[in-house]
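The structure appears below as structure tokens.
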Amino acid sequence: MESDQAPKSRGGGSRSRAPESRDADRLRKKRLLQMIDMAQAYLGCSKAHLAVALKRDPAKVAPDSGNPKLDLVMGISELLDWSVGDVAEALWRDPVEEALDKEPLPEKSFDELNREAIEAHREGDHKRMLRIAGFMWRMAKTPAERGKAANRTMGAYDQAGRYQKALEWARVAASESGVPETSHLNYLAHLGALNYSAWNLHEAAAIASQILRETAEDWGQPLVMMARAMAGYVSGNARRRLMAGLPERASHLGAIALDDLRASAAVHRTLTTLRNDDRFAAIANTCDGAAVEVEFLLGRISAKEGTSLLLNGLDAVVDPATMPRGDWLESWGWWAVFGLNIAVRGLEGDDRQRLAAVFSTKGHEIADRLENWALRERVFSLEHDLKAGPSSAESHGRKLWILDREDVRALLGTMGRFPWFRRIGWEILENAEFV
């Protein structure tokens with residue numbers, strides 16, 4: 001049986017805390033006092049008034065330990081107009097010391113590290129890629145090198161599913177002055193793609209359309225083609241998502257989406273040949289699947305026709321667990337999402353339930369194989385829409401969700417990565433039976 005008492009040393013006395021721990025507490029107490037002074041300066045009030053606002057004793061606003069309780073963190077957050085996460089990060093992490101990486105730089109050139117970062121990305125090793133990108137950032141001396149380092153850092157965070165951090169670094173790369181024009185276009189395309197992943201759909205569509213306009217006359221260079229291909233993908237998919245939320249503009253949005261998705265697919269297939277790289281063909285396949293959903297939303301095909309087309313394509317993925325990880329498997333994951341979208345919105349009765357179950361199961365299996373958080377968010381969200389609809393009354397009080405340990409892990413990870421998904425995540429947890 002575990003004891004509530006602190007562990008004892010072998011000599012019988014209380015175990016003393018390590019000097020490093022005491023130093024950390026002192027530093028945290030110093031930061032906490034700084035934050036309290038900042039709140040007082042921001043409000044322009046006396047220390048007594050600040051204590052009242054924080055519901056604290058004026059003689060002892062900060063705890064001796066330097067470890068504030070959650071209500072104090074929340075109080076400082078409200079007074080400073082900072083997010084709770086920003087206050088917590090300022091208290092627990094030294095922004096100056098964190099930036100000064102003490103690890104020795106490897107005896108490699110910047111270009112060697114860049115090649116290693118690309119290799120790590122292809123292998124799906126985002127931790128290694130982030131470490132290499134950190135070295136690149138410290139070694140960068142020119143605008144071109146800084147742009148590449150920021151872009152590799154963005155790629156590592158993107159692959160890890162940390163989309164807000166990836167978006168921050170995409171902005172750094174796209175804002176770097178003095179980089180080659182072709183690099184700037186691709187950094188802008190990545191910025192659009194990250195906005196799309198973060199559901200900043202208007203911003204994503206605007207950035208993508210800007211790239212397509214600027215490259216409309218001359219796009220024979222492979223790097224310009226890559227920027228156009230990504231921009232078309234982002235523009236088409238961002239507008240596809242906007243169609244559901246803005247039905248009065250669906251016709252206008254859908255026409256642009258179809259044009260951009262088809263153009264992007266064509267350019268990606270050209271790049272497949274030019275670069276001898278089948279990953280571009282996989283992205284073209286994703287564009288094809290997205291176009292099926294757009295045609296359904298425009299009323300050009302029925303829900304039955306759309307789900308049939310997408311289901312036939314998924315015959316290529318019998319068992320995701322046995323398939324190689326990569327762009328092709330991710331593409332089929334998005335086909336499952338497009339099919340689930342159509343089934344939830346356009347079908348009724350047994351067909352709706354049956355096909356939604358097929359698409360959601362395939363989507364989860366592929367997302368698990370790839371550890372792809374964007375796929376997980378879409379499948380969980382659409383399943384929630386399905387279960388929360390009118391047919392959910394058939395549950396007669398039964399739990400709507402059956403979740404095992406891996407399901408809960410995936411759900412919690414998704415909640416952490418997508419702020420807008422947290423409300424849905426809580427609703428799922430409150431209506432779940434755990435096995």
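The values are calculated or read from the model by the stated rules, or taken from the named source; none is laboratory data. Here the structure is a predicted model, which means the values were calculated and not measured. We place every Cβ from the backbone using ideal geometry, glycine too, and count neighbours over all the protein chains shown.
Points to keep in mind about this one:
- Selection within segment 42-72 - buried (at least 17 other Cβ atoms within 10 Å of the Cβ) and under 35 Å from the mean Cα position of the chain (by Cα): 54, 66, 68, 72
- Taken over segment 251-282, the criterion of being aliphatic (A, V, I, L, M) and either more than 26 Å from the chain's Cα centre (by Cα) or under 20 Å from residue 215 (Cα atoms) (or both) is satisfied by 255, 256, 257, 258, 261, 263, 265, 266, 267, 271, 274.
- Some residue of segment 42-49 being at pLDDT 85 or above, part of a helix (DSSP H, G or I), in contact with a Pro (Cβ under 7 Å, 6 or more places away or on another chain) and more than 30 Å from residue 152 (Cα to Cα): yes
- Residues in segment 8-24 that are exposed (fewer than 15 other Cβ atoms within 10 Å of the Cβ) and either modelled with pLDDT of 75 or more or in a helix (DSSP H, G or I) (or both): 19, 20, 21, 22, 23.
- Some residue of segment 188-195 being in a helix (DSSP H, G or I), buried (at least 24 other Cβ atoms within 10 Å of the Cβ) and outside the structural domain of residue 243 (by TED's automatic domain parsing): no
- Odd one out for residue 44 among (1) at positive phi; (2) touching a residue at least 12 places away in the same chain (Cβ under 8 Å): (2)
- The listed residue being over 26 Å from residue 162 (Cα atoms) and in contact (Cβ under 8 Å) with a residue 12 or more places away in the chain, out of 356, 374: 356
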